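The values are calculated or read from the model by the stated rules, or taken from the named source; none is laboratory data. These numbers come from a predicted model, not from an experiment. When we count neighbours, we look across all protein chains shown, and the Cβ atoms used for this are built from the backbone with ideal geometry, even at glycine. Accessible surface is based on the protein model in full, side chains and every heavy atom, while ligands, DNA and RNA are left aside. Shrake-Rupley method; radii C 1.70, N 1.55, O 1.52, S 1.80 Å.
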Amino acid sequence: MSPSAPLITADSISLQLTGRQLLKGITLELLQGEIVTLIGPNGAGKTTLLRLLLDLTKPSSGSIWRLPGLRIGYMPQRLQIDSSMPMSVERFLLLGQPGMDVAQAQKALDRVGAGQLLKASLANLSGGEMQRVLLARAASRKPQLLVLDEPTQGVDVGGQSELYQLIATLRDELGCGVLLVSHDLHLVMAATDRVLCLNQHICCHGHPEQVSKDPAYLELFGDKVAPYTHQHNHQHKLSGDIADAGECIHDHPKKTPSNKK
């Protein structure tokens, strides 16, 4: 799918809190039909930038334009589940979504390959199952922009590739833009159209192959080369409060961070 209309445009946004510069001079554009991956080391400001883009925090300077009425589907890093509070997947999908019924909840799960989980207890799901349920909920809103914060956290290596392929399929089916957040470029190399490398400011950006050779990227992550196969590996409260990991495998060498945590 070719990218088209802008969904969010940020112009020279910065954020200072208690005299500390968290983000500086960020300019970016998120387009319909495009998968953009935001990468950066721990403490780079990835989650802070997400909060700004989602209008959960206001920038100290600069401006953010959003498509009027923009529908956003958000998938948090993690969901913190209280095991003493039983909740089924069905109830979780219907919670806070008055327009959704059980049939639509089932369809949302079927779309992500988790149709058998409708009656399952949320607290008993595996890491991979939980991520699919979170993705199903985010996609059920028929979003124009899907925002995924470390979507493969807690997923075993075998399931990571499937999740990234599923995200690309959802992009095509929904015709939406996708903003992915990750620690490492090599984990999502084959699953993204454009990369933004963040370390309080945007160090470099462009096609993943281009970014992987950029001096700014190499300075942050190193240039250790490792086999890249293609696979892919994230917590939040039920309230939706934002809480940061990833993992992927292709058949040719790619740049791999030398200091991956």
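The figures follow:
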item: Charge dipole (the stretch 1-94, unit charges on Cβ, about Cα centre) - positive-most of Thr27, Val89, Leu70; result: Thr27
item: FRET efficiency, 1/(1 + (r/R0)^6) with R0 41 Å, evaluated for Gln80 and Ser12 via beta carbons; result: 0.70
item: Peptides 158-166, 57-65 ordered by average Cβ neighbours within 10 Å, highest first; result: 158-166, 57-65
item: Under Karplus coefficients 6.51, -1.76 and 1.60, residue-wise ³J(HN,Hα) of the stretch 40-55 in Hz, glycine/proline x; result: x, x, 4, x, 6, x, 4, 5, 4, 5, 4, 4, 5, 5, 8, 6
item: For the stretch 89-100, 3J(HN,Hα) per residue [Karplus equation, 6.51 cos²θ - 1.76 cosθ + 1.60, θ = phi - 60°, Hz, x = Gly/Pro]; result: 4, 4, 5, 4, 5, 7, 4, x, 10, x, x, 9
item: Packing rank of 140-150, 71-81, where each peptide gets the mean count of other beta carbons within 10 Å, highest leading; result: 140-150, 71-81
item: Interchain or long-range residues, amide H under 5 Å from Leu22's placed H; result: Leu15, Gln16, Leu17
item: Nonlocal amide H pairs with Cys203, under 5 Å, H built at 1.01 Å; result: Cys197, Leu198
item: Protein accessible area in the stretch 7-55, 1.4 Å probe - carbon and sulfur %; result: 45
item: Under 20 Å from the Asp101 label point (7 Å along Cα→beta-carbon), backbone N, the stretch 137-161; result: 137, 140-142
item: Solvent exposure of the stretch 1-151 as accessible area per residue, Å², 1.4 Å probe; result: 45
item: Size of electric dipole in the stretch 1-136: Cβ of Lys, Arg +1 and of Asp, Glu -1, about Cα centre, debye, nearest 20; result: 240
item: Of Lys24/Lys46; Lys107/Lys142; Lys24/Lys58; Lys46/Lys107, pairs whose Cα-Cα distance is over 23 Å; result: Lys46/Lys107
item: Size of electric dipole in the stretch 112-214: Cβ of Lys, Arg +1 and of Asp, Glu -1, about Cα centre, debye, nearest 20; result: 400
item: Tensor-based shape of the stretch 70-169 (alpha-carbon gyration tensor, a/c under 1.5 rounded, otherwise prolate or oblate); result: rounded
item: Options Gln131, Val178, Leu163, ranked by Cα towards positive dipole end of the stretch 126-182, top entry (Cβ charges); result: Val178
item: Centroid-to-centroid separation of the stretch 127-190 and the stretch 1-34 [C-alpha atoms, Å]; result: 20
